Structure formats: structure tokens, C-alpha cells
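For reference, the structure discussed in these notes is given below.
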Amino acid sequence: MALFRELAGRLCGRRGHLPGIGVFYGPSGFGKTCASTYAANEFRAHYLELGRLWTTKKFLEHLARAVGAPARGTTADLHQAVIEALAAAPTLLIIDEADHAVAKGYDEALRDIHNKTGAPVILIGEELLPQAMRRNERLHNRVLAWTAAQPATADDAEVLAKLYAPEVAMTRDLTDRIAIQADGRIRRICVGIDAVRDWAEAEGLDVVDAARWGDRPLWDAAPSKMRRI
């Protein structure tokens, strides 16, 4: 979250002659969407998560609604409506799953919107998004900052355990194990914490350490076999 907030602050406070596009990228499960949602509230930003099958027009329809512009008319009408709305109030625009915009070719519409409004834009995507963006040099060279999401640490796992399972005290050796096995992915850490919490509640335990947890799977458990009747 700190990295995303720093990126958003840099874009919103940039000097007038600088481009205002930022890219926040990293593997799935690193907490990118969670961080962006938090920052969207803090910066009162417009937030839009792209769909895999969207066309340029579908993208502009959803974007128009997000920025409070009329979501009707031709593709050109929608594009102009978004530009007018953002030019009047150049608020931070956060685009999640931006890989789809690059893959489907409507990243050029995004570039044009940024150029004509001056609104800061953060594109969020997977770890290969920076390489994919090189195919559109006009967009690529308008990026002010590239920020890579960082893997969660053992300290993060300890904080998340206290946040999402306050009724169960998980010792440091257990949260360390969860963080290591999760390979730094916040989503997996949260799933692991939930598994421990559910088990502890079923067993009537208030404290769980690594030894007590044993070799039970935190996730990736084999599906139950069907019983023959």
C-alpha cells in the first residue's frame, strides 16, 4: 500500500511539464488491487477494473460512467465525453487489469485521454505489463514512474493474522511458515490464515504454533474423494 500511495502522490503532485502516467505491476496475489482500492478512497480517484473481453467502445462506456460522463453515443462520442469530464476535473484515474487494454489495443484511447486532460493515470497489471507496453511507444514514453509490487514479508503475515484472525493467536514461527509457503502472495497468506483460524475454532484452540499445526496443508489440499454408495 505504501508503494502505491507513493506512486499516486508523485503523479498527482508532478510538475506541469511532466507526463502523468504511472504503472504498478507484479504477479497475481501481491495485493495490487487491494492497495489501489485503498488509495482510490484516499485520493478520491476514479477506479475502473477492465474486462478481458471488452472492446474499445465497451471500455469507454464503463469509463464514462466511472467519471460521471454520459455513457451513450458512438465510440467517438464516448471518448469526447470522457475527455470533457476529466478535463473539467482532472482527478486521478486508476485502471486495473490494464493488460487487457494493451492486448485489445485500446491503450491508445487511454493515452489520448491523458494527453488531452492532464489527469494522472495509474495502470495496474501483471509482471509483464511493462514489456507489453513497449509495443506502443507513444504510451510507453509518457510513463513517469514504474513501480513493482513487492512480495509480502513475514512481518506482513503477522500483521494480517492479527487483522483477519484476532480470536486466534498465531505464533511467529507459524506466520513465518505461512509467508514462506505463500511465496510472498498476500492472497495466499490470507487463505492460509483463514485455514488456521477455522481449524483452531473447530479444535477449541486460542493459540496455534507451527508444531501444533503440523503438516496440515494451508491450501492446495487434495479434493475429497467421492464416496461410493
Q.
Checking the structure you have, find out if any residue of the range 105-116 is in contact with a helix residue (DSSP H, G or I) (Cβ under 6 Å, 6 or more places away or on another chain), aromatic (Phe, Trp, Tyr) and open to solvent by less than 70 Å² (accessible area, probe 1.4 Å).
A. yes
Q) Among the residues of the range 33-58 satisfying the criterion of being within 10 Å of the chain's Cα centre (by Cα) and open to solvent by less than 20 Å² (accessible area, probe 1.4 Å), which is farthest from LYS116 (Cα to Cα)? A) ALA35
Q) Any residue at all in the range 79-98 that is within 19 Å of LEU139 (Cβ to Cβ), modelled with pLDDT of 95 or more and charged (D, E, K, R)? A) yes
Q.
Just checking, does the range 19-28 include any residue being within 17 Å of LYS116 (Cα to Cα), assigned to a helix (DSSP H, G or I), modelled with pLDDT of 95 or more and not aromatic (Phe, Trp, Tyr)?
A. no
Q. Do the conditions hold for GLU61, that is, is it among the charged types (D, E, K, R) and at pLDDT below 95?
A. no
Q | Top-ranked residue in the range 205-215 [being open to solvent by 60 Å² or more (accessible area, probe 1.4 Å) and of a type outside the set (Lys, Arg); ranked as farthest from ALA161 (Cα to Cα)] | A | ASP215
(Q) Going residue by residue through the range 137-144, is there one that turns out to be open to solvent by less than 30 Å² (accessible area, probe 1.4 Å), at pLDDT 95 or above and closer than 22 Å to SER28 by Cβ? (A) yes
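The values are calculated or read from the model by the stated rules, or taken from the named source; none is laboratory data. In this text the structure is predicted, and so the values were computed from the model without any measurement. FYI the Cβ positions are ideal-geometry reconstructions off the backbone, even for glycines, and counts take in every protein chain you see. Each accessible area value is taken on the protein alone, full model and side chains, heavy atoms only, with ligands, DNA and RNA left out. Shrake-Rupley method; radii C 1.70, N 1.55, O 1.52, S 1.80 Å.
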